[in-house]
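Heads up: the structure comes next, in structure tokens.
The values are calculated or read from the model by the stated rules, or taken from the named source; none is laboratory data. Only a predicted model underlies this, so the values are computations on that prediction, with no experimental measurement involved. Cβ: placed from backbone, ideal geometry, glycine included. Neighbour counts: every protein chain shown. Protein only, heavy atoms only, side chains kept; ligands, DNA and RNA dropped before computing areas. Shrake-Rupley method; radii C 1.70, N 1.55, O 1.52, S 1.80 Å.
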Amino acid sequence: ERATLPAYAHPLDAHFGDVAALHGAYLPVQSGPATDKRLHPPSNWVQVILYWETLKDGADFRPRVRFTDGYGQVYGSEETTGREALLLNQHPVVTWKTGQIWEALYDLNLNPNTPPGVYNIEVTVLDPTTGNPLPASGKDAGASWMIAGHFTVQ
């Protein structure tokens, strides 16, 4: 964890309910094909790094990161077995303290049939007990989501 955003991260302002703040995002690669022939299955992966803070000591929340088009159609989502799960196993959200920024890595698996175009990296935060999305607020937020960045499928 760290106290500030790294210089290369894109700063964001979004709060989810009264429990989570998303302070920034970084996409190491911002464009690529939907398929990668070297992989099996041949769908490509997009890495997204998000910078989170809890707004209440002891609060729990579950981020969800998806790859969507302008209509909200989902073309990919994070694999829960990924590196984000590693962070949360070692440092569950309930153990986070306010004032700390946590770097979480998400690997989004793209649908290999994704048509070329610009896609949103859509972030929502779910209430772990109900599974419902928490309301979002802040200059970069929608009703219950925020767009953390964009990826161009070639």
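A few points about this structure:
- From the options TYR8, TYR71, residue that is open to solvent by 30 Å² or more (accessible area, probe 1.4 Å), assigned to a loop (DSSP other than H, G, I, E, B) and within 25 Å of PRO133 (Cβ to Cβ): TYR71
- Of the criteria (1) assigned to a loop (DSSP other than H, G, I, E, B); (2) surrounded by 14 or more Cβ atoms within 10 Å (Cβ to Cβ), which one HIS15 fails: (1)
- Annotation: of all residues in the stretch 54-68 being part of a strand (DSSP E or B) and open to solvent by less than 30 Å² (accessible area, probe 1.4 Å), the one that is farthest from PRO116 (Cα to Cα) is THR54.
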